[in-house]
Every structure is written in structure tokens, then in C-alpha cells.
Amino acid sequence: MRCPYCREDDSRVLDSRTADEGAAIRRRRECQSCGRRFTTAETAVLSVTKRSGVSEPFSRAKVINGVRKACQGRPVSDDDLALLAQRVEDAVRATGAAEVPAGEVGVAILGPLRDLDEVAYLRFASVYRSFDSLEDFEAEIALLRTEASLAATDSTSPDPDSTSDFATAKDSASADVDA
Ligand SMILES: [Zn+2]
């Protein structure tokens, strides 16, 4: 392993430990030439199998390239895209498989992209899931609307306790007027 400081090839492992709940091994190394210490990480290579049967290492850059076009003109920053790619990688790695079909990576993109920007999501989904009619868009938009209104209802639905408090306050107020 080449020293990142002096670029000598000769380094010695001082310590190895597992990290990321066993998904990685980190090694503390010492350069035999300049004596400086550095850490290396070892993780299993996650392979993506394309439809052609060719495998290639999972790449966050490819995920970002895949959604960048759908995000054109949308308020989506490079940081947003980096975070999305991280979420996609986490989701794919969480399946525990060393090799995943490319389609699975596409599916893993849909959720985080929808959270990020619904218009970009619709653009991406229309290509990825081959929408071929207005009905396909309408169905997807209807689904987004339903979920959005459910979320809105959840956050604004009155707390039953506060409603009864209000009723009680009103009752006593009108009682005052009557008296
Ligand atoms: Zn060195």
C-alpha cells in the first residue's frame, strides 16, 4: 500500500478493526520510509449487472449522472445529488447482495428522488418506467397528490383534546353571557 505522504510502497499494518457494523475493515498503517501513519478501508465491491450481462462496480457518480438530466432547472444542488447517491448506495448495500441487477439500482433511486423533487421524480420515472401515455402520468400524479394530502392531513388534523378544550371554553363563555 503506497504511502499518501511520500508515495513509498512499503507500509506496515499496525492495527485492523471492523467498521460500519462489519461491512468494512479499517487498517492503521505506518510508512516504513517516512514513518507517518494513515488509515485504509476495505469494503466488498458492490457489482451492478447490466442487462447485457456485463458487471461493473457500483458508482455513485453514475447514479448522479442518471438523475442529473431529470433535475435540470429544478432547485436541486450538487449536495442534494451527493446525498441522494449516498441513500441509493445505502439502500442497495442494505440488501446484503454482492451483485445487484441495474434495475434494482433504478428502483432504489425512485424513493429518494421523490423525496427530493417531485417534478424530477416524474421525469425520471417516466423514462425509467417507460410511461407511454398521459394516463401513466395522471396515475402517478394522482398517487403523489394522495400521498401529499395524507401527509398534510396527518400534520394538521386537530388534536381531540384541544378540540374539547375549545368546546369547554366556549360553553363557559356563553354561560357567562347568559348569567
Ligand atoms: Zn511515507
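Brief remarks follow.
- Heavy-atom accessible surface of the chain: percent carbon and sulfur, 1.4 Å: 51
- Rolling a 1.4 Å probe over the protein chains gives residue 80 an accessible area of about 50 Å².
- Heavy atoms of residue 63 accessible to a 1.4 Å probe, total area in Å² rounded to 10: 10
- From helices alone, the chain scores -17500 deg cm²/dmol at 222 nm; the rule is -39500 (n - 2.57) for each run of n ≥ 4 DSSP H residues, then divide by the residue total.
- 0 to 90° range, to nearest 10: angle between helix 118-128 axis and the chain longest Cα axis: 60
- Relative contact order for the chain, counting Cα pairs under 8 Å that sit 6 or more residues apart, in percent: 13
- Accessible surface computed residue by residue for region 1-133, with neighbouring protein chains in place and a 1.4 Å probe, gives 64 Å² per residue.
- Highest GNM mean-square fluctuation among 47, 149, 11, for the chain modelled with Cα contacts below 10 Å: 11.
- Computed over neighbours whose Cβ is under 15 Å from that of residue 74, the net charge equals -2, Lys and Arg +1, Asp and Glu -1.
The values are calculated or read from the model by the stated rules, or taken from the named source; none is laboratory data. These numbers come from a predicted model, not from an experiment. Cβ: placed from backbone, ideal geometry, glycine included. Neighbour counts: every protein chain shown. Protein only, heavy atoms only, side chains kept; ligands, DNA and RNA dropped before computing areas. Shrake-Rupley method; radii C 1.70, N 1.55, O 1.52, S 1.80 Å.
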